[in-house]
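One structure below.
The values are calculated or read from the model by the stated rules, or taken from the named source; none is laboratory data. This one's a predicted model, so the numbers in the text were calculated from it and none came from an experiment. Cβ coordinates were reconstructed from backbone atoms using ideal geometry, including for glycine residues, and neighbour counts include every protein chain displayed. Heavy atoms of the whole protein, side chains included, go into the accessibility calculation; ligands, DNA and RNA do not. Shrake-Rupley method; radii C 1.70, N 1.55, O 1.52, S 1.80 Å.
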Amino acid sequence: MSAPPAALAVNLLDASSLLSAFGALGVAVVLFAETGLLVGFFLPGDSLLFTAGLLCVPGRHSGPHLDLVQVLAAALVGALVGAQCGYVIGRRGGRTLLERSRNRRLHQGAQRAEELLARYGYARAVVLARFVPVVRTVLNPLAGALGVPVRSFTLWQVVGGAVWTVGLVLAGWGLGSSVPDIDRYLLPLVALVLVVSLLPIGFELLRSRRARAAAAAEGEAR
């Protein structure tokens, strides 16, 4: 009797593992979950898109080869449909879902999303949120809960989603096409993408701390 096939272990936090297991379909599913469902806030959207672009370059890596057109199509469908789904969920009770969650990162992301909407308005906030982890998960249902007009939200989430997905995939593809033996640099590059994607959060936290410190100093002066 032959031995049963070994189960395929997939690490949801590792872009290479997800792409090896599911290919372009995995890109669509992960982006849909990250941008449309509150439970997907931990998924690696930025690194997944960049790594998928790298894997679209034939003969430059040892991992699975992906088709660039398929990856771009999957990324766009997952990101755009996911955001619109998140918006609809928000219209039907997004505030309640957020209040029920006890996850600190999720609530911090909701606070930053509200600040983006208040500071930049609908258009810029919806576009900028695409580039900030966690915020891109919670802003969509939050926009629905706050009554952002559906036409305005749809227009700008499509613009932001297209720039985010196509930009990161083509950045990975372009780098993979120009750098030989890209495999040896894959982990540092993915780490760099993660660090860059977290910079907006760091700047926002720094700004918030400075604002609180200034407010406290002003209160003491009075």
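For region 12-21, indicate whether the set of residues that are at pLDDT 90 or above and in contact with a Leu (Cβ under 7 Å, 6 or more places away or on another chain) is non-empty. No, because not a single residue in region 12-21 is at pLDDT 90 or above and in contact with a Leu (Cβ under 7 Å, 6 or more places away or on another chain). Tallying residues that are in a helix (DSSP H, G or I), at positive phi and in contact with a Leu (Cβ under 9 Å, 6 or more places away or on another chain) within region 109-142 yields 0. Criterion first (modelled with pLDDT of 80 or more, crowded, with 23+ Cβ neighbours inside 10 Å, farther than 20 Å from Ala52 by Cβ and under 17 Å from the mean Cα position of the chain (by Cα)) does Ala75 satisfy it? In short, no. Among the residues making up region 138-174, a single one is among the hydroxyl-bearing types (Ser, Thr, Tyr) and closer than 27 Å to Asp67 by Cα: Thr165.
Within region 102-124, the residues that satisfy the criterion of being touching a helix residue (DSSP H, G or I) at 6+ places or on another chain (Cβ under 7 Å) and touching a residue at least 24 places away in the same chain (Cβ under 8 Å) are Leu106, Gly109, Ala110, Arg112, Ala113, Glu114, Leu117, Tyr122, Ala123. The test for being open to solvent by less than 70 Å² (accessible area, probe 1.4 Å) and within 26 Å of Gly172 (Cβ to Cβ) does not hold for Gly90.
Restricting attention to region 125-134, the residues that are open to solvent by less than 10 Å² (accessible area, probe 1.4 Å) and at pLDDT below 85 total 1.
Checked against (1) open to solvent by 40 Å² or more (accessible area, probe 1.4 Å); (2) among the charged types (D, E, K, R); (3) modelled with pLDDT under 80, Glu204 meets all criteria but (1).
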